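**Q** For reference, the structure I am asking about is given below.
The values are calculated or read from the model by the stated rules, or taken from the named source; none is laboratory data. Remember, it's a predicted structure, so these values are computed and weren't measured experimentally. A quick note on method: Cβ atoms are made from the backbone with ideal geometry, for glycine too, and the neighbour counts reach across all protein chains shown.
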Amino acid sequence: MTIEWPFFLLLGLLVVAAAGALLIRDLLTAILLLSVFSILATVIFAFLQAVDVAMAEATIGAGLLTAAFITTLAKTKGAS
């Protein structure tokens with residue numbers, strides 16, 4: 001299996017999304033960048049033919065955790 005340039009592009013975007021999530025001060029934007037990180041990780045896992053891991057990452061990382069973080073953010077912003 002040869003690794004092509006789209007794989008390296010995805011890895012670069014993954015690093016940019018992770019760095020952005022760490023450096024952004026707005027919490028909602030950081031949550032959305034974490035969701036983008038999970039989606040990119042899902043695509044990378046599918047690219048590496050680990051479809052079961054990709055499905056788990058998409059379900060838990062991009063879906064469940066994003067919803068939990070946004071719900072928590074909405075509940076805590078109202079309390080302050």
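**Q** With respect to A62, is the statement that it is surrounded by 18 or more Cβ atoms within 10 Å (Cβ to Cβ) and more than 16 Å from V15 (Cβ to Cβ) true?
**A** Spelling it out, A62 is indeed surrounded by 18 or more Cβ atoms within 10 Å (Cβ to Cβ) and more than 16 Å from V15 (Cβ to Cβ).
**Q** Let me ask you something else. Within the stretch 38-56, count every residue that is closer than 23 Å to T72 by Cα and in contact (Cβ under 8 Å) with a residue 24 or more places away in the chain.
**A** Residues that pass the stated criteria total 1.
**Q** Residues L9, L40, L27: which one is at pLDDT 95 or above and either surrounded by 17 or more Cβ atoms within 10 Å (Cβ to Cβ) or not small (G, A, S) (or both)? Please lay out each step first, then the result.
**A** Numbers: L9 fails: at pLDDT 95 or above; L27 fails: at pLDDT 95 or above.
Matching residue, one of L9, L40, L27: L40.
**Q** Across the stretch 65-80, which residue is nearest to F8 (Cα to Cα) among those that are of a type outside the set (S, T, N, Q) and surrounded by 14 or more Cβ atoms within 10 Å (Cβ to Cβ)?
**A** L65
**Q** If you don't mind, there's one more thing I want to ask. If you check A18 against the conditions, is it part of a helix (DSSP H, G or I) and surrounded by 14 or more Cβ atoms within 10 Å (Cβ to Cβ)? Before the answer, list the steps.
**A** Numbers: part of a helix (DSSP H, G or I): yes; surrounded by 14 or more Cβ atoms within 10 Å (Cβ to Cβ): yes.
Answer is yes for this residue.
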